[in-house]
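The values are calculated or read from the model by the stated rules, or taken from the named source; none is laboratory data. Bear in mind that the values here come from a model prediction, so they are computed numbers and not experimental data. Here the Cβ positions follow ideal geometry from the backbone for every residue, glycine too, while neighbour counts run over all protein chains shown. We work out accessible area using only protein heavy atoms, side chains counted, and drop any ligands, DNA or RNA first. Shrake-Rupley method; radii C 1.70, N 1.55, O 1.52, S 1.80 Å.
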Amino acid sequence: MPRILAIVGTDAAAEAMRQIDPEVVAVYPITPQTAVVEKFAEYVADGVVNTEMINVESEHSAMSACIGAAAAGGRVMTATSSQGLALMWEELYVAAGLRLPIVMTNVNRSLSAPINIHCDHSDSMGARDSGWIQLYSENAQELYDNLLQAVRIAEHPEVRLPVMVCVDGFIISHAIDRVEVLDDDRARAFLGDYVSLPGYSLLDAAQPVSIGMFDGLYGYYYEAKRAQEEAMARALTVIKEIGEEYRQVSGRGYGFWEEYGLEGAETCVVALNSACGTIRSRLKEWRARGAKIGLLKLRVFRPWPGEELARRLAEFKTVAVFDRAVTLAGGKGGPLCGEIAATLYGQAHRPRLVNYVYGLGGRDLTQALVDQALEELAAMPAVPEPMLPVRYLGLHA
Amino acid sequence: MAHATGIKYLKEKSLPLMWCPGCGNGIVLGALVRAFEELGLKKHETVVVTGIGCWGKADDYLLTNALHTTHGRALAFATGIKAYQPGLNVVVLMGDGDGVTIGGNHFLHAARRNIDLTAVVVNNYNYGMTGGQVSGTTPAEHYTTTTVYGNPERELDPCAVAAAAGANYVARGTAYHGWELKEMIKEAITKKGFSLVEVASPCPTHYGRYNEMKTALAMLRWLKEKAVPLKTYEQLEEPEKEGCFPVGRLVSRDAPDFNARY
């Protein structure tokens, strides 16, 4: 029987980690992620997991230790936020380049300066080209579900890439949510045992290998990078398969995105994470009044499900992309909109694209702000026009 | 003669302090600004550089120049300031997590470089700001939120590290000994080369609560009992040194500093 818990987001991550029972967890505290490792430290101390937990001296060391443990053949996890993720930067590329299936919770928080501890997506968006798979979670339930699936995706022989599961700092991490968790036997049957692939383990005494060596000037670096891209592309299929398998186990299925009210819609709002809850609650009312507008909540940002997404988005007259990060390129808007614009380029019909930047440094996305955007979208003339300049929701004058 | 209050260095509108009741940071801040006043430091010639942590928020209250930086890197930022503007008084405020755990490498090399900075490291034996996790100075076997059955690792001694790495001035004080602390900070600022003042400080909210010292009084008493003047400490037998630490000026030498050598 699944258990229904009322827990904060960070506890949902810790609960998933308890069931995953990784061999090694190397962590460093950072707001708002800290509560994940605190809860998990209790599990370690109580002996309910078999994990060796290392309280290292920085996030750089945390990811380095994870890489070492994963290269030694272990199932390995960590968690971080913001500056912590930034400090891991160098090692993020190493983890992906060495094809190590590390799974990490990233509790989204803005990046300094000025210092700010609240939510935006600058941290994970900055890491979008590091070779990590990125799954986004609207609430604590999705965080839990994504973490269990992340282990399977990362360890899949066709993939072998690290996975980052993102969730909004404070808004979800520190709020109590209803979370349905699998019973332990079911979760563990779904997770299965980690089988280290031959040739991937440093601790294979019968067949020792060297990994990450200097490739020389005319070596295999280029090919290794291309192989990573191919693995990323294969991950698309694997993510779908595992999302479907998870549906069988839990009753909750996962794909690349989730739709709300898009049947017959002319305008599609695209967003990530917790903002989708606020947007959906407004859309409910707007749709009851007959507005032809719906929501596409993107779950998989890396790998980029471009082909399918382009086909779907080309069906609308207007696509409004909500970005909780900016590219700081001089008013070009957010990274999500940039990706979508590039994706739509090859389509015969290109919908009008509007980019709403919102919520930087934890600025609230209120229902009133969503309404402001929806009113503007509703008032736009029917004739499509080129991409509109970026809007900044909730920016003080 | 009226004693220095240091009030002219404080943003009075930011008071009262945001730190928890029983925190030692207010005492250390008081000692710092009194030291500034007694040395006659000019606000525009003084830069306070902070990292991240409870003590790193001290710059919220100061009217000197201030650069609020990233976790663990305050000394690296300060090195840049001092290299380009050697005339400035550069005071670096860090906690034990910031200064000697995540920032341990910078600490080591600032001391080795013997650059004329004054580091005031408030050691409250845990990561206070994030809720009391184990840090590099948490004593072995003590409890934190990430070492709930006791810390299996040993603690780092920041003074010993700075002394070994080549700092010109190393002193240890406590938040219990406010007057002496002010005098140490004055010596540290005056001394050319890298100076460290480590301040053993109470954190009843987290560290104390997990280690049977949940009141400020209990923590201050603990610090008072642990702190032994250097001369007395040196005469103790090895087993007697367990559980206490020497306070006062531990190292004072005049090796040429970075700017002099450069």
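Here are some notes:
- Qualifying residue in region A:14-21 (condition: open to solvent by less than 20 Å² (accessible area, probe 1.4 Å), in contact with a Ser or Thr (Cβ under 7 Å, 6 or more places away or on another chain) and farther than 20 Å from B:R154 by Cα): no
- Matching residues in region B:81-99 - criterion: being open to solvent by less than 40 Å² (accessible area, probe 1.4 Å) and more than 17 Å from the chain's Cα centre (by Cα): B:I81, B:K82, B:L88
- Residue check, A:Y345 among the aromatic types (F, W, Y) and touching a Leu at 6+ places or on another chain (Cβ under 9 Å): no
- In region A:156-266, counting only strands (runs of 3 or more DSSP E) that sit wholly within it, the ones holding 2 or more residues that are within 18 Å of A:G131 (Cβ to Cβ) and modelled with pLDDT of 95 or more span A:163-168.
- Residue selected from region B:149-167 under the condition closer than 17 Å to B:L230 by Cβ and either free of Cβ contacts under 8 Å to residues at least 12 places away in the same chain or away from chain A (no Cβ under 14 Å) (or both), by the criterion most open to solvent (accessible area, probe 1.4 Å): B:A164
- Test for B:K231: is it in a helix (DSSP H, G or I) and away from every other protein chain (no Cβ under 14 Å): yes
- Considering region A:114-145, the residues that are over 19 Å from B:T130 (Cα atoms) and among the aliphatic types (A, V, I, L, M) include one that is nearest to the chain's Cα centre (by Cα), namely A:L135.
- Residue pairs whose Cβ atoms lie under 8 Å apart, separated by 6 or more positions or on different chains, with the first residue in region A:164-176 and closer than 15 Å to A:L365 by Cβ and the second assigned to a strand (DSSP E or B), are A:D168/A:V107; A:D168/A:N108; A:G169/A:V107; A:G169/A:N108; A:I172/A:S137; A:A175/A:V8.
- Only strands (runs of 3 or more DSSP E) whose full extent lies in region A:1-92 are considered here, and the ones with at least 3 residues that are away from chain B (no Cβ under 14 Å) are A:3-8.
- Which listed residue is under 25 Å from B:W222 (Cβ atoms), open to solvent by 10 Å² or more (accessible area, probe 1.4 Å), within 14 Å of another protein chain (Cβ to nearest Cβ) and in contact (Cβ under 8 Å) with a residue 12 or more places away in the chain, from B:T146, B:T130, B:T137: B:T146
Conditions tested, residue by residue: (1) touching a residue at least 60 places away in the same chain (Cβ under 8 Å); (2) more than 14 Å from the chain's Cα centre (by Cα); (3) more than 17 Å from B:A119 (Cβ to Cβ).
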{"position": "B:H3", "(1), (2), (3)": "no, yes, yes"}
{"position": "B:L15", "(1), (2), (3)": "no, yes, yes"}
{"position": "B:G26", "(1), (2), (3)": "no, no, yes"}
{"position": "B:T46", "(1), (2), (3)": "no, yes, no"}
{"position": "B:G51", "(1), (2), (3)": "no, no, no"}
{"position": "B:C54", "(1), (2), (3)": "yes, no, no"}
{"position": "B:L62", "(1), (2), (3)": "no, yes, no"}
{"position": "B:A74", "(1), (2), (3)": "no, no, no"}
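- In region A:111-155, residue surrounded by the most Cβ atoms within 10 Å (Cβ to Cβ) [restricted to those that are among the acidic types (D, E) and in a loop (DSSP other than H, G, I, E, B)]: A:D120
- When the test is whether a residue is surrounded by fewer than 23 Cβ atoms within 10 Å (Cβ to Cβ), under 23 Å from A:I20 (Cα atoms) and touching a helix residue (DSSP H, G or I) at 6+ places or on another chain (Cβ under 7 Å), A:L98 passes it.
- So A:A86, is it in contact (Cβ under 8 Å) with a residue 40 or more places away in the chain, among the small types (G, A, S), in the same structural domain as A:A150 (by TED's automatic domain parsing) and within 26 Å of A:I176 (Cα to Cα): no
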